[in-house]
Amino acid sequence: MAIRFKAIPAKVRSGFASGIAPKRKSAFQAGILLAVTALMWLSAVPASQAQSCRTDPGPSIDWRGCNKKTLMLDGSDFTKANLNSTDFSFTDLRHSIFAGANLTKAKLIRTLLNNASADNANFERIEGYRAVFQDVRANGTSFKAGELQRANFTGAQLRSANFEKADLSRAVFDKAIITGANFMYANLSRAVLSSAVFEGSLDFKNAFFLFARIEGVDLSQAQNLTQQQLDMACGDNTTKLPAGLTAPAQWPCPEDEKD
């Protein structure tokens, strides 16, 4: 028996086609949206930035956000480099050059920066727990709001450095030159400033001095230093104070308060 196929009515064919068309249009629009989104993402992260994380260090390099942990990069030249948020934790950066470089929010946890040159560099808001800045030259450098607990600045040149709002608890500044530095609102609790060189004015407005070690320090030209701050600190009869301030009766501090 012959099977007869009925022709699909024109009205049905039209409805079927109209049902398919919107689906194709919707898929096409979704594809366009994905392509535009991808292009926007790529434009937000330049290819040059991604490539620079794999390149060797050099002046003006862009290592923003790169992971450079536990590396041997001593003697590198980072002059005017963009090192914003770069992770240098546990990395050897001794004798490196950071003149004019931007290290805002960089991680320098236990990083070695001995004898580095960092004049006019930006170390603002860094994480520098136990970072070693021994004998570093960082004149005019900003460490504003940096987390520098137990950092070692022994012998560092820090003329006109900015430590405003920095956490310098237990940091060591033995024999450091800190002329004209700014310590406004800084946390100097138990910091060691003994034997540091203050030639000229420096600002201690609202700095926290709990058991700060200032034995033998010349603070005669310090600005905004108060009697209350001195009463919290640990000095001795060789500490020179600004006019109008006196050595607290409890000086020198007991040994257990110095540690």
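Restricting to the range 236-245, count the residues that are of a type in the set (A, V, I, L, M, F, W, C) and loosely packed, with under 14 Cβ neighbours inside 10 Å.
As a first pass, look at the range 236-245 and keep what is of a type in the set (A, V, I, L, M, F, W, C): 241, 243, 245.
Narrowing further to those that are loosely packed, with under 14 Cβ neighbours inside 10 Å: 243.
So the answer is 1.
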Of the residues in the range 93-109 that are outside any strand (DSSP E or B) and hydrophobic (A, V, I, L, M, F, W, C), the one that is surrounded by the fewest Cβ atoms within 10 Å (Cβ to Cβ) is 109
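Residues in the range 246-257: is at least one open to solvent by less than 40 Å² (accessible area, probe 1.4 Å) and in contact (Cβ under 8 Å) with a residue 40 or more places away in the chain?
Yes, the range 246-257 has at least one match.
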Checked 181, 233, 222 against criteria (under 24 Å from the mean Cα position of the chain (by Cα) and open to solvent by less than 20 Å² (accessible area, probe 1.4 Å)); the one match is 181
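Is at least one residue of the range 137-152 among the acidic types (Asp, Glu), under 15 Å from residue 219 (Cα atoms) and without any contact (Cβ under 8 Å) to a residue 60 or more places away in the chain?
no
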Within the range 53-92, the count of residues that are over 11 Å from residue 102 (Cβ atoms), of a type in the set (S, T, N, Q) and either surrounded by fewer than 19 Cβ atoms within 10 Å (Cβ to Cβ) or under 17 Å from the mean Cα position of the chain (by Cα) (or both) comes to 6
Picked from the range 110-155 (must be polar (S, T, N, Q), in a loop (DSSP other than H, G, I, E, B) and farther than 19 Å from residue 79 by Cβ), the residue most open to solvent (accessible area, probe 1.4 Å) is 134
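The values are calculated or read from the model by the stated rules, or taken from the named source; none is laboratory data. Just so it is clear, the structure is predicted and the values come from calculations on it, not from any experiment. With ideal geometry, Cβ positions are generated from the backbone for all residues, glycine too; neighbour counts draw on all protein chains shown. Areas reflect the complete protein model, heavy atoms only, side chains present, ligands, DNA and RNA absent. Shrake-Rupley method; radii C 1.70, N 1.55, O 1.52, S 1.80 Å.
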